[in-house]
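Peer 1: Have a look at the structure that comes next, please.
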Amino acid sequence: MAVTRPSIALVDCNNFYVSCERVFNPKLNNKPVLVLSNNDGCVIARSQEVKDLGIKMGVPWFKIQTLVKHHNIVVFSSNYTLYADMSNRVMQIISHFSPNQEIYSIDECFLDLTGFQHLNLIDHGQRIRATIKQFVGLPVCVGIGASKTQAKLANHLAKKRPAFEGVCDFNTLEPEGLDRLFSEIEVGEVWGVGSRTKKRLAELSIHTVLDLKKSSPKVLRKQFSVVMERTVRELNGESCIPLEEVAPPKEQLICSRSFGAPVFSLIDLTQAVITYTTRAAEKLRQQKSVAALVYVFIETNRFKVNEPQYNNGLLVPLPEPGNDTRLLVGAALTGLKRIYKPGFAYKKAGIMLNDLSCADAKQKGLFEDAELQAHSKSLMQAIDKINGIMGSGTIKFTGEGLKKRWQAKAERKTPAYTTRIDEIPIAYAIG
Ligand SMILES: [Mg+2]
């Protein structure tokens, strides 16, 4: 019996954040569009038109203002509420195309299509694209190969070469044809080969994907690591990295932000710390964990060398591991009061939840009140549910404050079109 070769697909949204913005504003199609990072700091997403202008990922916003004006580039603050919701919708749709899906990042996932070959996987890939386009309005490309590393590379080609029409399946190519393609791609495009590795590979005269594919896995293992050995095997069609269908729960959760303007008072810092702790607590409950330690930290702006500097953080243990926002906020604020010093211009604050464990496996504490525990659980569930339906922050602690002077700059943010009833787009019918 012939052994079926694995068929792994990588489905990846094209210019994801920009494409999300375009869904709700089709006038932006074919126009240069970019999205800025938190606090409107630097470029984190670019439309093809912006890429063609040579604007690189990660450049600070202030450095490209003349270019932006000159080319009429449309600039947005990042709208993570929108992107996360669009991502959930896309992933949900893709999950119908295979029982095995690994969500790899906000805009890409692997699918195991082994055993689906009778469907003609290029057609299957086109159906995935058409369905997502129809239901969510986002463009995606599909790369298919015998391993995850191949799928990643196939996806790169599906995006870059119009001849593939958005779907590239390496498994349909003859070995010579595949090698020819590999010889045309530089090795830096391989999954896991960063710029430093690329330089070191160049010293070994490995410049293209084909060069790497033909290298000895054993030699590379010695020169680099077992990871590189695996990459070479994967390029040769041997699947070494299995799909991880359930993301392992995070071992620590961090929420920290730079402020939109310098912060001096304990009141403003308190608001920020409550806000960040609330966000982290939501994530903690989402992954069904409890935390035993809360770390809180504050920082001045280290780039303003002429200003007095002060950075401090404190780890606060909880009486019992938990995930009740009130408990976590209490600990964070205890820490904050102890580290706060007046007279400094603070730039950033954050909290980190540490020593996480599974909520279900939690040991009952010696002084724990079962009734209080049950009450806490149902209260948190109710808050999460209401915020889930009505939009994040519908129910919040008053301590978060109403006017958040410290809040990060997001001067060009679009509405939360899909998650807040009061921000839903309005369609006018002209009759
Ligand atoms: Mg993408």
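Peer 1: Inside the stretch 303-329, can you point out the residues that are among the polar types (S, T, N, Q) and touching a strand residue (DSSP E or B) at 6+ places or on another chain (Cβ under 9 Å)? Lay out the reasoning, then the answer.
Peer 2: Step one: of the stretch 303-329, the residues among the polar types (S, T, N, Q) are 306, 309, 311-312, 323, 325.
Answer for the stretch 303-329, where residues must be among the polar types (S, T, N, Q) and touching a strand residue (DSSP E or B) at 6+ places or on another chain (Cβ under 9 Å): Gln309, Asn311, Asn312, Asn323.
Peer 1: Scanning for something on the phi < 0 side of the Ramachandran plot and in contact with an Asp or Glu (Cβ under 7 Å, 6 or more places away or on another chain), does the stretch 382-392 turn up at least one residue?
Peer 2: Of the residues in the stretch 382-392, the ones on the phi < 0 side of the Ramachandran plot are 382-390, 392.
Going one step further and asking which of them are in contact with an Asp or Glu (Cβ under 7 Å, 6 or more places away or on another chain), we end up with 384.
Checked the stretch 382-392: at least one residue is on the phi < 0 side of the Ramachandran plot and in contact with an Asp or Glu (Cβ under 7 Å, 6 or more places away or on another chain).
Peer 1: Scan the stretch 396-424 residue by residue and report those that are open to solvent by 70 Å² or more (accessible area, probe 1.4 Å), of a type outside the set (D, E, K, R) and part of a loop (DSSP other than H, G, I, E, B). Walk me through how you get there before you give the answer.
Peer 2: Of all residues in the stretch 396-424, those open to solvent by 70 Å² or more (accessible area, probe 1.4 Å) come to 396, 398, 402-403, 405, 407, 409, 411-413, 421-422, 424.
Still in the list and also of a type outside the set (D, E, K, R): 398, 402, 407, 421, 424.
Result: Leu402, Gln407, Ile424.
Peer 1: Looking at (1) under 22 Å from Phe16 (Cα atoms); (2) more than 15 Å from the ligand (Cβ to nearest atom); (3) within 21 Å of the chain's Cα centre (by Cα), which is the only condition His96 fails?
Peer 2: His96 satisfies every listed condition except (3).
Peer 1: Something else: What is the one condition in (1) more than 19 Å from Tyr340 (Cβ to Cβ); (2) open to solvent by 40 Å² or more (accessible area, probe 1.4 Å); (3) not in a loop (DSSP other than H, G, I, E, B) that Ala291 does not satisfy?
Peer 2: Unmet for Ala291, out of (1) more than 19 Å from Tyr340 (Cβ to Cβ); (2) open to solvent by 40 Å² or more (accessible area, probe 1.4 Å); (3) not in a loop (DSSP other than H, G, I, E, B): (2).
Peer 1: Based on what the data block shows, is Leu318 touching a residue at least 40 places away in the same chain (Cβ under 8 Å) and either hydrophobic (A, V, I, L, M, F, W, C) or open to solvent by 50 Å² or more (accessible area, probe 1.4 Å) (or both)? Spell out the reasoning first.
Peer 2: On the way: touching a residue at least 40 places away in the same chain (Cβ under 8 Å): no; either hydrophobic (A, V, I, L, M, F, W, C) or open to solvent by 50 Å² or more (accessible area, probe 1.4 Å) (or both): yes.
Judged against the criteria, Leu318 is not a match.
Peer 1: What number of residues within the stretch 101-140 satisfy the criterion of being in a helix (DSSP H, G or I), loosely packed, with under 15 Cβ neighbours inside 10 Å and within 16 Å of the ligand (Cβ to nearest atom)?
Peer 2: Residues that pass the stated criteria total 1.
Okay, residues lined up against (1) more than 16 Å from the ligand (Cβ to nearest atom); (2) within 30 Å of His118 (Cβ to Cβ):
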site	(1), (2)
Ile8	yes, yes
Val11	no, yes
Tyr17	no, no
Arg22	no, no
Asn30	yes, no
Leu34	no, no
Ser47	no, no
Leu53	yes, no
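Peer 1: Can you report the number of residues in the stretch 141-182 which are buried (at least 24 other Cβ atoms within 10 Å of the Cβ), assigned to a helix (DSSP H, G or I) and of a type in the set (Ser, Thr, Tyr)?
Peer 2: Total meeting the criteria: 1.
Peer 1: Could I ask something else about it? Could you list, in sequence order, the residues of the stretch 186-228 that are β-branched (Val, Ile, Thr) and over 25 Å from Leu113 (Cα atoms)? If you could, list the steps in order and put the result at the bottom.
Peer 2: The first filter runs over the stretch 186-228 and keeps only residues β-branched (Val, Ile, Thr), leaving 187, 190, 193, 197, 206, 208-209, 219, 226-227.
Of everything in the stretch 186-228, those that are β-branched (Val, Ile, Thr) and over 25 Å from Leu113 (Cα atoms) turn out to be Val187, Val193, Thr197, Ile206, Thr208, Val219, Val226.
The values are calculated or read from the model by the stated rules, or taken from the named source; none is laboratory data. Since we're looking at a predicted model, the values are computed, not measured. FYI the Cβ positions are ideal-geometry reconstructions off the backbone, even for glycines, and counts take in every protein chain you see. Ligands, DNA and RNA are stripped out before the accessible areas are found, and what is left, the full protein with its side chains, is counted by its heavy atoms. Shrake-Rupley method; radii C 1.70, N 1.55, O 1.52, S 1.80 Å.
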